[in-house]
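Working notes, structure below.
The values are calculated or read from the model by the stated rules, or taken from the named source; none is laboratory data. Please read all numbers here as calculations on a predicted model, not as lab measurements. All Cβ positions, even for glycine, are placed from backbone atoms using ideal geometry, and neighbour counts span all protein chains on display. Note: areas computed on protein heavy atoms with side chains; ligands, DNA, RNA excluded. Shrake-Rupley method; radii C 1.70, N 1.55, O 1.52, S 1.80 Å.
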Amino acid sequence: MIEAVVDVLEERLRMRLSECKPKPLGLATGRTMRPLYKELVARLQSWPVPRLEKLLDNWCSFNLDEYVGLSASDSESFITYMTRYIGCPLKLSPDKLRVHNGRSGDPQREASSYREELRICGGVSIQILGLGVNGHLGFNEPPCGPDTSCRVVNLSPSTREQNAFAFHGNPDLVPTHAITLGLEEILSADEIHLIVSGKAKAEIVSSLLAQPVSDSLPASWLKQHPNVFLWADYSALSKVNRDWIGFNNIFGQLS
Ligand code: GLP
């Protein structure tokens, strides 16, 4: 599945080479993205040098979210994650890889200026998303409507449990707040790729496909976007009724 997603992303990145100022990429973190970024970086490193240099010269990405209170000096922060998986291997200068400043003295103000910066850059072109076990996108916890914008949020017990793997397995060590792009910015992307893997996501993927759009399942708002791809492995699809996949053409692609 990862190879197939990277095939598409690599092609999209190649297409961007002809644009003089491409709109930003929207990037996510989490365990799902690690193999994807490793594969993507390996593919890009095999590009001819002038082509890769052009891509990196024009690189501009905005991450979805960051924990309040963490920064580049914290190993669990998302800026550290992005530097490790994308910034360092591609030798990108830090200003090209935008992540909210989790250590800002005024997180709500940081959220507003990040949103404004993204708006000035034209909004997101291709948005990559993972899925929370409670249906969150970024850190847009349920209930969450489509008009929410970049802001500070409380993290739910289920999300702190899901992300405890990075904090010695202890949910109490996971920060209580985060800054996240809202569904408004996410749904404004030109193209969205939702990537889901593993048995732990089987229940929520089944709900996502079966249930109507509602605030109680934030990812369900993707169904109203005209250009969404859902990429899921067999484990994540293990609780999906096959009939739904057959006739339910909600998503642009189900792989
Ligand atoms: C986290 C992040 C999301 C991420 C999702 C899935 O809480 N805020 O952006 O996509 O949950 O994470 P994982 O891939 O580790 O399951």
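Some values worked out for this structure:
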| read-out | value |
| --- | --- |
| Some residue of region 99-114 being open to solvent by less than 30 Å² (accessible area, probe 1.4 Å), touching a His at 6+ places or on another chain (Cβ under 9 Å) and within 11 Å of the ligand (Cβ to nearest atom) | no |
| Those strands (runs of 3 or more DSSP E) lying entirely in region 1-84 with at least 1 residues aromatic (Phe, Trp, Tyr) and open to solvent by less than 20 Å² (accessible area, probe 1.4 Å) | 61-63, 65-67 |
| Count - residues of region 208-233 that are open to solvent by 10 Å² or more (accessible area, probe 1.4 Å), at pLDDT 95 or above and assigned to a helix (DSSP H, G or I) | 1 |
| Test result for residue 156, more than 9 Å from the ligand (Cβ to nearest atom), without any contact (Cβ under 8 Å) to a residue 24 or more places away in the chain, open to solvent by 20 Å² or more (accessible area, probe 1.4 Å) and hydroxyl-bearing (Ser, Thr, Tyr) | yes |
| Some residue of region 186-196 being part of a helix (DSSP H, G or I), touching a residue at least 60 places away in the same chain (Cβ under 8 Å) and within 13 Å of residue 130 (Cα to Cα) | yes |
| Hits in region 125-150 - residues which are away from the ligand (no atom under 14 Å from the Cβ) and either part of a loop (DSSP other than H, G, I, E, B) or open to solvent by 30 Å² or more (accessible area, probe 1.4 Å) (or both) | 125, 143, 145, 146, 147, 148, 149 |
| Tally of residues being within 13 Å of the ligand (Cβ to nearest atom), under 20 Å from residue 121 (Cβ atoms) and open to solvent by 20 Å² or more (accessible area, probe 1.4 Å) across region 186-203 | 0 |
| Neighbours by Cβ (under 8 Å, 6+ apart or cross-chain): first from region 130-141, within 11 Å of residue 162 (Cα to Cα) and in contact (Cβ under 8 Å) with a residue 12 or more places away in the chain; second assigned to a loop (DSSP other than H, G, I, E, B) and more than 9 Å from the ligand (Cβ to nearest atom) | 132/141; 134/141; 134/142; 134/156 |
| Check on residue 172, over 24 Å from residue 232 (Cα atoms), in a loop (DSSP other than H, G, I, E, B) and either more than 9 Å from the ligand (Cβ to nearest atom) or open to solvent by less than 30 Å² (accessible area, probe 1.4 Å) (or both) | no |
| Count of region 64-98 residues which are out of contact with any Pro (no Cβ under 8 Å at 6 or more places or on another chain) and within 16 Å of the ligand (Cβ to nearest atom) | 16 |
